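Take a look at the structure set out below.
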Amino acid sequence: MHYLSTRDPAAHLSGFSDILLEGLAPDGGLYVPASYPKIDDSTLTRWRELLAGPGYAALAHDVLTAFVADIPSADLLGICERAYNDGVFATADIVPVSELSGGLWLAHLSDGPTAAFKDLAMQLLGQLFEYELGRRHAELNILGATSGDTGSAAEYAMLGRRGIRVFMLTPAGRMTPFQQAQMFSLDDPAIINVAVDGVFDDCQDLVKAVAGDLDFKRAYHLGAVNSINWARLVAQVVYYIASYLRVTSSNAEQVSFCVPTGNFGNICAGHVARMMGLPIKRLMLATNENNVLDEFFRTGVYRVRATAETLATSSPSMDISKASNFERFVFDLLGRDAARVAELFGPQLASGSFDLSRTPEFAALQDEYGFVSGSSTHADRVATIRALWESDHVMIDPHTADGVTLARRLPGPEPVIVTETALPVKFAETITEALGREPERPPRFIGIEDRPRKVVPLARDPQALKALIAATVG
């Protein structure tokens, strides 16, 4: 398995472990496999047996083996077993799936340490980082940005691991009190929380600007945990496969997935699974009022929003107007034409937008790739949370409510699996508005908002961020 950049297909890196530590490609592109491994009937049958027998860790090992050629199989299995077990997650199933009324299913992705779906990738990433750094006798300074859940999932996954330090950028005042407390209450010198004066897109821009300085990146051993890191995205492919297997009884059945998304990482993993041959009919992309991605899939125009135009909503982890992983999909959409991708995500996007509406690729998008989309409002989220509680006695968070809203709006004959984003406890204010009661709080989270906090304020300035990293690392 070779990997290439979305902006320069000639730049092949032979090893998964190289791109694991590299994160963003030197040319500013994102790493993708030179080709996607293909699933056939016998593969799905083997995976059904693995999931039913040894379990999720064994399935993850078998899926990842197709993408990872430079880690011995026994070592990779050990990594998966340490990441996915009932000591880390709430159940041995890791990703249980339950049926809702109206032909919907809910993939429970939030049973990890930080109560968000990001744990499923981050727990594996933490194990992979520690393993590879140990092999190389090296250190890594992780530079990431979060709109809410990535940060806490990354910090809990990396906490106490040898040779790893985390610098995590957050949009000041844009996360819920619970989300802030999860991160800022961690008291460890290797965890550095940074509150940026801006929105998530500003944080993401700072990460890319600093990572784009290749001399600085090498000097300070910078790596990435955001979904720009291919290793994180491929870990998410596994739960699409597991959810499909748990909902179906034969390999001939199709399902659709409805995915709340802001940075396009979660649904990009679904796109990869579909490209591999998983029988996915539709990929239903759900956004909130920050509907940049919905706008593209409806019109063909990708128009990023300025900081002032990015709204603060009740599904804050999706308050994003520049979707990093979207570049991976556009690379596939345009027949892997790296020159066109480099132009679109370089000069054209620098002017604020690009337009594919008149291209033959966009005309064939839904038939070829299965994407449909929609957006929802705060009122929609509140109504959906209330309706699902009344009909199924199931409580969901506001982001998952964006997904259920769209799934109910676009029904089909096939089962639709909504990917859960987080547990309701992280968004108590909206749950209380919808149901008149606060969500149940797991014991490990009681009093979390009252703990002392450690966070560093920072201006929207790459030089200020470099100075902070240099002063901390020494």
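Computed from the coordinates by the stated procedures, all read-outs in this text should not be read as laboratory data. All values derive from a computational prediction rather than experimental measurement. We place every Cβ from the backbone using ideal geometry, glycine too, and count neighbours over all the protein chains shown.
Note on segment 17-60: Kirkwood hydrodynamic radius from all Cα pairs is 13.1 Å, rounded to one decimal.
Phi angles of segment 196-212 translate, via the Karplus equation with coefficients 6.51, -1.76, 1.60 and θ = phi - 60°, into HN-Hα couplings of 8, 6, x, 9, 4, 4, 5, 4, 5, 5, 5, 4, 5, 5, 6, 5, x Hz per residue; Gly and Pro are given as x.
The residue among Leu120, Ser98, Gly144 whose Cα reaches farthest toward the positive pole of the charge dipole of segment 88-168, with charges on the beta-carbon of Lys, Arg, Asp and Glu, is Gly144.
How would segment 102-209 be classified by its alpha-carbon gyration tensor: rounded, prolate or oblate, with rounded meaning a/c under 1.5 and the a/b versus b/c comparison settling the rest?
Working: a/c = 1.80, a/b = 1.15, b/c = 1.57.
In terms of gyration-tensor shape, oblate.
Quick one: plug the Kirkwood hydrodynamic radius of segment 165-235 (C-alpha pairs) into Stokes-Einstein at 25 °C, 0.890 mPa s, and report D in µm²/s. This corresponds to a translational diffusion coefficient of 182 µm²/s. Rg over Rh for segment 287-359 works out to 0.98, both radii taken from alpha-carbon positions and Rh defined as the Kirkwood radius.
Please report the relative contact order for the chain, taking Cα pairs under 8 Å with a sequence separation of at least 6, and give it as a percent rounded to a whole number. Don't jump to the answer; show the numbers that get you there.
Values: 919 pairs, mean separation 89.8, N = 474.
The value is 19 percent.
Max-minus-min Cα coordinates of the chain on each principal axis give 57, 50, 48 Å, with the largest extent listed first. Taking other C-beta atoms within 10 angstrom as a stand-in for reagent exposure, His399, His2, His378 fall in the order His2, His378, His399, fewest first. Which of rounded, prolate or oblate describes segment 344-407 when judged by the alpha-carbon gyration tensor and an a/c cut-off of 1.5? Cα axes put segment 344-407 in the prolate bin. Just going by the charge dipole of the chain, with Lys and Arg at +1 and Asp and Glu at -1 on Cβ, which of Ala219, Ala57, Gly173 is farthest out on the positive end? Ranked along the dipole, the leading option is Ala219. Neighbours of Phe184 by Cβ distance under 9 Å: Lys/Arg scored +1, Asp/Glu scored -1, total +3. Each of the peptides 346-356, 270-280 was scored by the mean count of other Cβ atoms within 10 Å over its residues; in descending order, highest first, they stand as 270-280, 346-356.
Shape class of segment 350-474 from the alpha-carbon gyration tensor: oblate, with a/c at 1.5 or above and b/c at least as large as a/b. Report for the chain the percent antiparallel among DSSP-assigned beta bridges with both residues inside it, nearest 5. Given both bridge residues lie in the chain, the antiparallel proportion sits at roughly 25 percent.
First select every other residue whose beta carbon is under 15 angstrom from the beta carbon of Asn141; then total the charges, Lys and Arg +1, Asp and Glu -1. Please list the in-between numbers first.
Working: positive: Arg136, Arg161, Arg162, Arg165, Lys217, Arg218, Lys466; negative: Glu22, Glu130, Glu132, Glu139, Glu155, Asp188, Asp213, Asp215.
Local net charge: -1.
From helices alone, the chain scores -12500 deg cm²/dmol at 222 nm; the rule is -39500 (n - 2.57) for each run of n ≥ 4 DSSP H residues, then divide by the residue total. Return, ordered by residue number, the residues of segment 357-384 whose backbone nitrogen is under 12 Å from a label point located 7 Å along Cα→Cβ of Leu410. Once the point is set 7 Å along Cα→Cβ of Leu410, 366-367, 369-376 turn out to lie under 12 Å by backbone N, inside segment 357-384.
Treat every Asp and Glu Cβ in the chain as -1 and every Lys and Arg Cβ as +1, leave all other atoms uncharged, and give the resulting dipole magnitude about the Cα centre to the nearest 20 debye. Provide the component values of the computation, followed by the final result.
Numbers: 41 positive and 57 negative charges, 73 e Å.
So the magnitude is around 360 debye.
Rounded to the nearest 20, the Cβ-based charge dipole of segment 1-81 about its Cα centre (Lys and Arg +1, Asp and Glu -1) stands at 200 debye.
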